[in-house]
């Protein structure tokens, strides 16, 4: 059965296909996958000076949206509203100032300042976007999940119905036979251990924890209101029908109570707190075996 492993968009990908395809088709499929991920990176990476995102950071004005941008930006705006502005793509400059920059210096360069409000900068009018002021956007809270979904759709367009697309531990899994995966939830206090095992089938999963990308007093999650990384939550795992939604929720749960988000979206989750306790819809669920 075909299996592809490679590095792209700053993480390790593993794509497993549970169907037989010819060597020629496998080679062509691999090329299509890499090309599609490359297109996504070219549009949305804030670490590239030739990206669409970089263009928006240099001047105000009206810009054509990439063909796949609208679903991601609309979901961002929905979570921006639900988190009262705390989950926003306008955190790009704040992250750079904190040291999460194109050079990965991980050294704070400047005092942090809160990002502007969405309506002060962004007017979304598909097929265009209007930037009232130049702004360095960061789509990291949703982008990886979205490109995972896009690659899953690419496989389905090729007639493949049984697969798992995994990028850095976030994944979408499909099985027409109802097969399941057993997934270890990494202990953020010790990456050699897991806090439990989750059984997943025909779902997307995403996780967020501050231990993997951490420097000084910061990690990749910074609260725009406090200008600090959350300390009360060690890790969040979410299950949803799409990886874009799971990815978004794994960030939004740092900033909004699950009870609020569950009014609008169907998902399962686990949150691990700094004292080692866990809570969520999956706690007590047979799908999750906690250690």
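Remarks
- Put simply, of 201, 210 the only residue that is in contact with a strand residue (DSSP E or B) (Cβ under 6 Å, 6 or more places away or on another chain) and either more than 22 Å from residue 80 (Cβ to Cβ) or free of Cβ contacts under 8 Å to residues at least 60 places away in the same chain (or both) is 210.
- From the list 192, 203, the one residue that fits, being more than 30 Å from residue 48 (Cβ to Cβ), at pLDDT below 95 and more than 14 Å from the chain's Cα centre (by Cα), is 192.
- Residue within the range 3-23 that is over 17 Å from the mean Cα position of the chain (by Cα), part of a helix (DSSP H, G or I) and more than 24 Å from residue 171 (Cβ to Cβ) present: yes
- Hey, residue 185 in contact with a strand residue (DSSP E or B) (Cβ under 9 Å, 6 or more places away or on another chain), farther than 25 Å from residue 291 by Cβ and crowded, with 18+ Cβ neighbours inside 10 Å or not: no
- Scanning the range 244-263 for residues that are surrounded by 15 or more Cβ atoms within 10 Å (Cβ to Cβ) and part of a loop (DSSP other than H, G, I, E, B) yields 253, 254, 255, 256.
- So residue 281, is it touching a helix residue (DSSP H, G or I) at 6+ places or on another chain (Cβ under 8 Å), free of Cβ contacts under 8 Å to residues at least 24 places away in the same chain, outside any helix (DSSP H, G or I) and surrounded by fewer than 21 Cβ atoms within 10 Å (Cβ to Cβ): yes
- Test: residue in the range 228-240 that is in contact (Cβ under 8 Å) with a residue 60 or more places away in the chain, surrounded by fewer than 21 Cβ atoms within 10 Å (Cβ to Cβ) and part of a loop (DSSP other than H, G, I, E, B): no
- Selected residue (only one of 108, 128 is in contact (Cβ under 8 Å) with a residue 24 or more places away in the chain, under 13 Å from residue 219 (Cα atoms) and more than 23 Å from the chain's Cα centre (by Cα)): 108
- Test result for residue 266, assigned to a helix (DSSP H, G or I) and surrounded by fewer than 19 Cβ atoms within 10 Å (Cβ to Cβ): no
- From 137, 124, residue being buried (at least 20 other Cβ atoms within 10 Å of the Cβ), at pLDDT 95 or above, farther than 18 Å from residue 236 by Cβ and in contact with a strand residue (DSSP E or B) (Cβ under 9 Å, 6 or more places away or on another chain): 137
- Restricting 90, 34 to those that are within 19 Å of the chain's Cα centre (by Cα) and farther than 17 Å from residue 130 by Cα reduces the list to 34.
- Only a single criterion out of (1) in contact with a helix residue (DSSP H, G or I) (Cβ under 8 Å, 6 or more places away or on another chain); (2) touching a residue at least 60 places away in the same chain (Cβ under 8 Å) is not satisfied by residue 100, namely (1).
- Some residue of the range 165-175 being farther than 20 Å from residue 54 by Cβ, without any contact (Cβ under 8 Å) to a residue 40 or more places away in the chain and surrounded by fewer than 18 Cβ atoms within 10 Å (Cβ to Cβ): no
- Tally of residues being closer than 30 Å to residue 93 by Cα, surrounded by fewer than 18 Cβ atoms within 10 Å (Cβ to Cβ) and touching a residue at least 60 places away in the same chain (Cβ under 8 Å) across the range 11-53: 3
- When 131, 106 are screened for being more than 30 Å from residue 3 (Cα to Cα), in contact with a strand residue (DSSP E or B) (Cβ under 9 Å, 6 or more places away or on another chain), surrounded by 13 or more Cβ atoms within 10 Å (Cβ to Cβ) and at pLDDT below 95, only 106 passes.
- Top-ranked residue in the range 215-227 [being in contact (Cβ under 8 Å) with a residue 40 or more places away in the chain and surrounded by 15 or more Cβ atoms within 10 Å (Cβ to Cβ); ranked as nearest to the chain's Cα centre (by Cα)]: 220
The values are calculated or read from the model by the stated rules, or taken from the named source; none is laboratory data. Everything numeric here is computed off the predicted structure, so don't read it as measured data. Neighbour counts are summed over all protein chains in view; Cβ atoms, including those assigned to glycine, are modelled from backbone coordinates with ideal geometry.
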